[in-house]
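Student: Just passing along the structure, written as structure tokens.
The values are calculated or read from the model by the stated rules, or taken from the named source; none is laboratory data. This one's a predicted model, so the numbers in the text were calculated from it and none came from an experiment. In this analysis, Cβ positions are derived from the backbone assuming ideal geometry, glycine residues included, and neighbour counts consider all displayed protein chains. These accessible areas exclude ligands, DNA and RNA; they are computed on the full protein's heavy atoms, side chains included. Shrake-Rupley method; radii C 1.70, N 1.55, O 1.52, S 1.80 Å.
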Amino acid sequence: QVQLVESGGGLVQPGGSLRLSCAASGSIFTIYHMGWYRQAPGKQREWLARITRGGNTNYADVGKGRFAISRDNAKNTVYLQMDSLKPEDTAVYYCNTDPPLSTYWGQGTQVTVSS
């Protein structure tokens, strides 16, 4: 069964950048659209971005102009470049298919934006 492992989170100051990675243990990008999601403390998980099988991208308003999703099929990896980070971006970030499948939720990677 394919597993998704997120990495690249950490502590960053407001205005800083991070690039998150999501490595898949198998080739699923040719089957599914892929997405990034996040969950802040006390809030529901929210969708952030999608990259389709054809490479088209879509973003939630919260990330437009600041976030960029991409993928490397050869490495079975999806990325989320995040710039101009704000304290309200603090959350656990997850990748999954889009729409998400329960079997693919991983541990996520913590992003903390604080001075």
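Student: Anyone know which of ILE69, ILE28, ILE51 comes out most mobile in the 10 Å Cα GNM of the chain?
Tutor: Among ILE69, ILE28, ILE51, the largest mean-square fluctuation in the Gaussian network model of the chain belongs to ILE28.
Student: If the reach is capped at under 19 angstrom between alpha carbons, list the aspartates and glutamates near LYS86, excluding any in the same chain fewer than eight residues apart.
Tutor: GLU46, ASP61
Student: Kindly provide the chymotrypsin sites (Phe, Trp or Tyr not before Pro) of the range 85-115 that DSSP labels as loop, not H, G, I, E or B, and whose Cβ sees at most 15 other Cβ atoms within 10 Å. Don't skip to the answer; put the middle values down first.
Tutor: Details: sites: TYR93, TYR94, TYR104, TRP105; in loops: TRP105.
Listed in order of number, the matching sites are TRP105.
Student: Another question, then. Report the Cα centroid-to-centroid distance between the range 82-115 and the range 1-59 in angstrom, as an integer.
Tutor: Distance between centres, Cα-based: 7 Å.
Student: Under a GNM of the chain (C-alpha, springs under 10 Å), which listed residue has the highest mean-square fluctuation: ALA23, ALA68, ALA60?
Tutor: In this elastic network of the chain, the residue with the biggest mean-square fluctuation among ALA23, ALA68, ALA60 is ALA60.
Student: On full extension of the chain, what length is gained from GLU88 through ASN56, given 0.36 nm per residue of separation minus the C-alpha to C-alpha distance? Mind showing how you got there, number by number?
Tutor: Working: separation 32, 0.36 × 32 = 11.52 nm, distance 2.67 nm.
Net length gain for the segment: 8.9 nm.
Student: Would you look at the GNM of the chain, springs on alpha carbons closer than 10 Å, and say which of GLY26, GLY42, GLY15 moves the most?
Tutor: In this elastic network of the chain, the residue with the biggest mean-square fluctuation among GLY26, GLY42, GLY15 is GLY42.
Student: Counting only protein heavy atoms and using a 1.4 Å probe, what share of the accessible area of the chain belongs to carbon plus sulfur, as a whole percent? Intermediate values should be presented prior to the final figure.
Tutor: On the way: 2750 of 5980 Å².
The nonpolar share, carbon plus sulfur, comes to 46 percent.
Student: In square nanometres and to one decimal, what's the mean projected area of the convex hull around the Cα atoms of the range 7-95? Kindly include the intermediate steps, with their values, before the conclusion.
Tutor: Details: hull surface 22.7 nm².
With the hull built on Cα positions only, its mean projection is 5.7 nm².
Student: Can you tell me which aspartates and glutamates have their Cα less than 15 Å from the Cα of LYS43? Leave out same-chain residues fewer than eight positions away.
Tutor: Straight-line reach from LYS43, under 15 Å: GLU88, ASP89.
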